[in-house]
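Worksheet: one structure, shown below.
The values are calculated or read from the model by the stated rules, or taken from the named source; none is laboratory data. Everything numeric here is computed off the predicted structure, so don't read it as measured data. Every residue, glycine as well, gets a Cβ built from its backbone with ideal geometry; the counts of neighbours run over all protein chains shown.
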Amino acid sequence: MDDREYEIMAAVEDCHFWFVGIRGIVRDAYLAAGLGPESRVLDVGCATGGMMRMMQGLGRFTGLDANPKAAAMARERSGNPVIVSSATDMPFETASFDAVTALDVLEHIEDHAAAVREIRRVLKPGGPLIATVPCHPALYSAHDAAMHHVRRYTRPEFLALLQAGGFTVERVTWTNSLLYPVAAAHRFATRLIHGKDGGTHSDAGTTVGPLNALLTRVFQAERRMVQRHDLPFGLSLMVVAR
């Protein structure tokens with residue numbers, strides 16, 4: 001990602017409905033996986049550290065990001081150690097971590113299979129990987145281009161990727177479900193306007209103003225649904241695998 005996108009992310013991630021909503025869902029999955037304050041957790045592709053900030057006190061977090069500016073911001077904002085490194089060649093010993101989070105990061109990586117193998121290597125046997133990815137290749141738009149996404153996944157493709165990397169999938173649910181029709185329409189519209197690879201910024205830079213509070217409540221409702229059920233459709237997938 002460009003430095004400008006990291007600056008936008010740092011400015012909005014503590015209040016923007018999407019960041020707040022999806023991180024709340026991931027937090028619930030983290031606690032349901034049996035992790036606690038003494039768990040050693042690696043946040044792969046930690047960006048500006050928003051997830052580690054939200055999870056403060058719930059684990060012993062280490063961040064990893066390939067972008068030095070993002071890593072510096074994450075280190076300052078979260079107070080956790082952050083390593084500058086590629087996810088395909090991580091500077092950690094085998095079985096170093098009790099859990100790994102990889103939140104909207106694998107779609108950025110050309111050799112995503114190598115990244116999954118590295119995650120498997122640094123994760124203790126039986127430890128959970130909590131991963132989220134954007135889905136539906138037909139929705140690839142200016143947002144994805146601005147974020148330097150290599151791909152959007154299909155559900156079977158992503159599950160096959162994890163299984164080939166040595167993981168057993170424990171839970172799969174769609175996320176961003178209640179807003180899926182609106183989000184899909186927006187993606188198609190921006191694709192028509194800008195083209196598949198056009199546009200200059202991600203959706204994070206789009207000001208939603210007074211709607212942010214309403215959209216936050218919508219995501220809160222979805223979070224309650226995900227606590228009880230795996231959702232049947234949505235814009236992204238969340239997977240827990242071991």
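Overview of results
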quantity	calculated
Qualifying residues in region 156-198 (those that are aromatic (Phe, Trp, Tyr) and part of a helix (DSSP H, G or I)) - the one modelled with the highest pLDDT	158
Residue within region 216-230 that is outside any helix (DSSP H, G or I) and modelled with pLDDT of 90 or more present	yes
Filtered residues of region 11-40 (kept if among the hydroxyl-bearing types (Ser, Thr, Tyr), buried (at least 20 other Cβ atoms within 10 Å of the Cβ) and not in a helix (DSSP H, G or I))	none
Hey, residue 144 modelled with pLDDT under 95, farther than 26 Å from residue 49 by Cα and acidic (Asp, Glu) or not	no
Cβ pairs under 8 Å, 6+ apart, first in region 27-54 and farther than 22 Å from residue 107 by Cβ and without any contact (Cβ under 8 Å) to a residue 60 or more places away in the chain, second among the hydroxyl-bearing types (Ser, Thr, Tyr) and assigned to a loop (DSSP other than H, G, I, E, B)	40/96
Residue within region 83-98 that is in contact (Cβ under 8 Å) with a residue 24 or more places away in the chain, at positive phi and buried (at least 22 other Cβ atoms within 10 Å of the Cβ) present	no
Matching residues in region 68-93 - criterion: being closer than 25 Å to residue 25 by Cβ, of a type outside the set (A, V, I, L, M) and part of a loop (DSSP other than H, G, I, E, B)	79, 80
Matching residues, region 94-123, being in a loop (DSSP other than H, G, I, E, B) and closer than 17 Å to residue 161 by Cβ	104, 105, 109, 110, 111
